[in-house]
Structure formats: structure tokens, C-alpha cells
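Nothing in this text is a laboratory measurement; each read-out follows from the coordinates by a stated rule. What you see is a predicted model; the values in this text were computed from it and never measured. Methodologically, a virtual Cβ is constructed for each residue, glycine included, from the backbone with ideal geometry; neighbour enumeration extends over all protein chains shown.
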Ligand SMILES: [Zn+2]
């Protein structure tokens, strides 16, 4: 079946240009031609007329948590069951897809629910984006996402795999792959939404970090590190990490290292912003709000330095964290522009740059002959006003239309 999409404006993400009066030819699930409108023969083809819209590649969220709902009270007093988390994922992933996200990377859940959800999407049982999964995260005792279940439930009940030695890290990384996750996620420093840890302080020694990353790297798998503090970022980079998440307390040396090693950075501005904006009144613990305020303070300034130095800044939202709801994480686009990143750079972050982050640049991330037909459209040109990104009008994933 041949489908022709007529585009008002077209941003392919292959370059920084916005093209006018173009057409995209889709056959089955692939893009087979990108050409001027006047060059296409619509006879016998299905025509989708987006002549009054801004068309671009499907969005990629490089950091989110599909099983978390954005509940502001959750950390304080409630842990959902695996069944509840899985059902959250079904609902959230559909919201993400309809918001324009055709591919996402899940950055960790409690019980490998992401692996099951990915399978269900691939089998066509539920609708959702293409998924890259992390399964359970690796953390240290008392570290970020080492949940405080009652002591008598230990050592079985943990939100993450808790490791306190290189051997434990090696075993945990192998366990994550054993249960079907695509990559490993390591909590390299304390975090905002945990209690009693320090976002600035590293959680793991170089030897511990290296043990886990050797497992991932030797298998050609990706890895990401939750790291706010500069020291934790540097330990992870020396040990061979693939991407740094948050990086909100980075220093100049960490910025230079990211640029030099080509390590990707996902700034997740919206995560800290949503916690600060919702505040204690919404039920978030005062310690968490205070840490978010501290983390966001110099973030914009540092991101400008990253841009100047040539750090590869990607797009990720941490959707699912308090006040940061699925389907609304497109608000990150306007925040990245507010931080001083050029609009086209930000659109490329969520498309072609994120595709290279996920090592999928040959399949997704741009509108190009031979790539998968992941195509979305918005009412107006987002480079003039990023708020446009909050309202996707058209979503095609893998050649199938989900929103029109
Ligand atoms: Zn996260």
C-alpha cells in the first residue's frame, strides 16, 4: 500500500532547513521517497493532506519512566504493586504515542514491567511507542531509588538492584540483561526524589562503575547514569558510560570531558521544574523540593556552556516523576529553548540526535528514504513558538496512523 503525505512545512532533521511544499511517500512501514509535491503521482495512492501543517520525524523521548504516573504523593507514603505499575504503563505509553513520541527509552522501573510492555507493543496487543528498556536500575545501599521498604522485608524488596561491590555490580548488570532489558541504568549519584542522599555525591567507586559498564560494553549494549554531581559524572565517563542523565551539578571539567569523550547528556529540565513548581503544597516531601531547587539553580548556565563546547545534548523528560505527566512531557521543548538552546537544535535533539544516542540512526530520527515511517505533525512552526509542540495533530508510527 502506497501512502503520500503532503506537507505544508517539512523538517526532515537531516539538516537545519525547513522545506516548503514537499511530499513524503510511504510504502508499508518505510519512507520510500521525499520529494517536491509537484513530483509525486497520487494516482492509486492513499493521500494524507497535511498541507497546512508542520511535519517532522516522530519524537524520541530519551529518558522517561512509563510505569510512573507523575503522582506528587507517591514517594512519601505509597509503593504500587507490579500489576498496578504495568497497567500504568499501558495507559502512559498510549498517551506518549498520541503526544508524538514514536520511540522512547525507559530509564528504569521496579520489576521489569518495561520489558513486558515492550513485548506487548511489538506483538500489537497494546498501542505505544517503540521502546528501549532498562529493567531495574543499579544503585548502592541508601542510594537513589534504594526504596525504604520496612527492614523486615529486606533483602528481597527493592525498587532497584542494590550493589555495594564490583562483584555485585557485575552480577546486577548481567541480571538486567538476563531478564530482557536492552541497556543498564546506574544511579551514579544521589538524587532529588530520594530521601537522605546527596545529589552532589557519587554513589559508586570507579571500580564498581567499571565492573557494571564492562558487562554492558563487552556486549555492545548501551548504558546510562543518573548523575547530578560532577564527581559522579566523571567516574562514570572514565569507566565508559554512554549517556549522562540530568547532570544538574556539573562543573567545567565535566563539560570538557563530555565534549571530549562524546558522551551524550540528557538535561531533563522539566523534572526539576515540575517538582519546584508543584512544591510542598502538592504533597512532595520538603527535602525533595529543596534538592530540586538546588539542582536547577545553575542548570541553564551550564547547558549554555555545554552547547558552546559541543556536548551532544539530547532530549529526555523523566516523564512519570512528580508533576511531570505522560503526554505532557513535550513541555521540555519550550524549557530547552528557555535555557538558551536554539529551537532547531532542540528539535534535532528529540529526533536525529536521540536516534544516534539510541544507536538507531539508520532506522529512525529523520525523514529520509529507507527509514521507518515515524512521522508527526503540528499546527504551526515550532521554531517560532515551542508551545506548538504540546499539541500533536498527526502521529504515524511504523507506517500506521494513530492520530489524525
Ligand atoms: Zn529518571
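Which fully enclosed strands (runs of 3 or more DSSP E) of the range 1-74 have 2 or more residues being without any contact (Cβ under 8 Å) to a residue 40 or more places away in the chain? Reasoning before the result, please.
Details: elements: 2-10, 19-27, 30-36, 46-57, 59-64.
Where strands (runs of 3 or more DSSP E) fall fully within the range 1-74 and carry at least 2 residues being without any contact (Cβ under 8 Å) to a residue 40 or more places away in the chain, they are 19-27, 30-36.
Suppose we filter 70, 58 for residues that are within 16 Å of the ligand (Cβ to nearest atom) and either within 24 Å of residue 316 (Cβ to Cβ) or touching a helix residue (DSSP H, G or I) at 6+ places or on another chain (Cβ under 8 Å) (or both); which single one remains?
Of the residues listed, the single one that is within 16 Å of the ligand (Cβ to nearest atom) and either within 24 Å of residue 316 (Cβ to Cβ) or touching a helix residue (DSSP H, G or I) at 6+ places or on another chain (Cβ under 8 Å) (or both) is 70.
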Which residues, taken from the range 11-31, are more than 28 Å from the chain's Cα centre (by Cα) and either within 16 Å of the ligand (Cβ to nearest atom) or within 25 Å of residue 349 (Cα to Cα) (or both)?
20, 21, 22, 23, 25
Condition first: buried (at least 23 other Cβ atoms within 10 Å of the Cβ) and assigned to a helix (DSSP H, G or I). Can you find one or more residues in the range 383-393 that meet it?
yes
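Any idea which of 355, 319 is crowded, with 16+ Cβ neighbours inside 10 Å and within 16 Å of the ligand (Cβ to nearest atom)?
On the way: 355 fails: within 16 Å of the ligand (Cβ to nearest atom).
Every option except 319 fails the conditions.
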Residues to consider are 274, 259; find the one that is touching a strand residue (DSSP E or B) at 6+ places or on another chain (Cβ under 9 Å), crowded, with 16+ Cβ neighbours inside 10 Å and under 18 Å from residue 314 (Cβ atoms).
259
